[in-house]
1. Let me know the whole percent of all Cα-Cα pairs from the range B:174-218 that are separated by more than 14 Å.
2. Between residue A:171 and residue A:21, what is the label-to-label distance in nm when each label sits 7 Å out along the Cα-to-Cβ direction?
3. Can I get the semi-axes of the range A:85-203's equivalent ellipsoid? Compute them from the C-alpha gyration tensor as square roots of 5 times the eigenvalues, in angstrom, largest first.
4. So how much slack lies between residue B:128 and residue B:219, counting 0.36 nm per residue of separation and subtracting their Cα-Cα distance, in nm?
5. May I have the extent of the alpha carbons of the range B:72-211 along their three principal axes, as whole Å values ordered from largest to smallest?
6. Can you give the calculated 222 nm mean residue ellipticity of the protein assembly as shown, where each DSSP H run of n ≥ 4 adds -39,500 (n - 2.57) and the sum is split over every residue, rounded to the nearest 500 deg cm²/dmol?
7. Can you list the residues, at least 5 places off or on another chain, whose amide H is less than 5 Å from the amide H of residue B:160, using H built in the peptide plane?
8. Decide, for the range B:151-246, between rounded, prolate and oblate: order the square roots of the alpha carbon gyration tensor eigenvalues as a ≥ b ≥ c, take rounded if a/c falls under 1.5, and otherwise choose prolate if a/b is larger than b/c, else oblate.
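Throughout, read-outs are computed from the coordinates displayed, never taken from laboratory work. From a predicted model like this one, the values you see are computed outputs, not experimental measurements. Glycine also receives a Cβ, built like all others from the backbone with ideal geometry; neighbour counts cover every protein chain displayed.
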Amino acid sequence: MGLALAAQFKNVQKVGGSVSLQRTQELTKQVQKLEQENEALETQIREYEKRISEFESAAQNEGQSNKLIYEELERIRMLAGLVDMEGPGVVVTVNVKHVSEWGEDAIIQNVRYDDLLKLVNELNAAGAEAIAVNNERIIATTEIRNAGDYIVINTNRYSAPFEIKAVGNPETLEAALKLLGGVADDLGAYLHINIRREENIRIPKYNGTLQYKFAQPLQENKS
Amino acid sequence: MSLKKEYLVISIMCAFLSFFLVKTFGNQVYSYDIGESTSVKKIQELMNQLEKLENSKEELLERLQKLEAKISDHEAVIAENIYKGEEIQKQLFEARVLAGLTDIQGPGVEIILNDRKKDNIMPGEMYSITDFIVHDSDLLEVINELKAAGAEAIGINGVRILGNSRISCGGPTINVGDDQRFAPPFVIHAIGDPDALAGYFQRADSIYHILTFYGLEFSIKKLDNVRIPRYYGEVDFKYAKPVKED
């Protein structure tokens, strides 16, 4: 009886304890996340304030003001993927695997769009700062989609082999792909995947046309 | 003699009982300690902290928007006196939209993606439960299809999707963008031609058919006006540098 009682009490207590512990951990994480977000916002506010004071002090000087606006345009274009970038990173080649079937050359499977989609997503998760697939820069609007035997990237058609270039921490990028049971492992079953680190990779800017027909600024521009 | 034996047995049993009782109560006091301080006080404390942070986030966003408006005023003034000033302003806007640095609005669609409801799963169904929940790869496909359909901007649960946004699995949640974790339902907003965006999911190879086949909720609503907030995180380049043209 003593044993049973003891066990019972203990169980009840444990459940209560771990639930509240879980809840506390969850809340702590949320607090940390919000703190980080607010910090990022504060940094951005300081940046904006600095830019405004630059605008104000340059107001009398036409050359200086013009320079400011061009600098700002260049900075944003860099963030948007409209500037060529270079740096260390990895180059991933993806090709079909050849096998001999009844003495004839055959492939296991063609490269599918979602193979590339997963690789790009994994590189992004590993902190890639700029990515291009067959020199098509991956930007916010880039699709990687099948169209018949081709794969369409930024509205242009491609087929295997594919070369994915990513700038970022080469070790992290490589490790993320080569993770046991990771993407490269999965795809390696039916595709030929090669990953190599490089000291300097050049990633071209987005070459398509930008045309916003539907998106409008939220605030009325008083201009 | 036999009486002594019984006493012995009873006293041993008593000893056991008291040992276990003491042990549990001891534990209980200990648990209560954690329980009380973490579950009630600590949680309350954290909730208060969250609320405060939530409030200050709103204030910060308001300030940011005011500053943004001020900057675009300055830019407009400069653009008036600049060669091809209007073109430069247009380029600034386009680059900001692409980089996710400005709140935008326009016509588009709202997609709601949710796990299948438990009560409409038939007992005889021969599928695994994982077929009935939204996976990171599903979300990735939906976003990719919206891009292919010509979406100009996309947001998931209020998080702006950029070129380097990842969508990955975080156990029961899905990580979107930098490090935002969400559980279903997922509310996806996209700005673009509403007919083209909604129509894309009617294509035979769309993920729509697979997910709805398994009974997941996948609703698409065309809207005259969709608002998508800017990206709030920091973007900085540690490894990538702009190529210097010589």
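1. Tail fraction, whole percent: 64.
2. Here the modelled spin labels are 3.3 nm apart.
3. 24, 18, 12
4. 30.5 nm
5. Largest first, the range B:72-211 extends 73, 31, 21 Å along its Cα principal axes.
6. Calculated at 222 nm, the ellipticity per residue is -16000 deg cm²/dmol.
7. For residue B:160, whose amide H was placed from the backbone, the distant partners under 5 Å are B:232.
8. Prolate shape, in that a/c is at least 1.5 and a/b is the bigger ratio.
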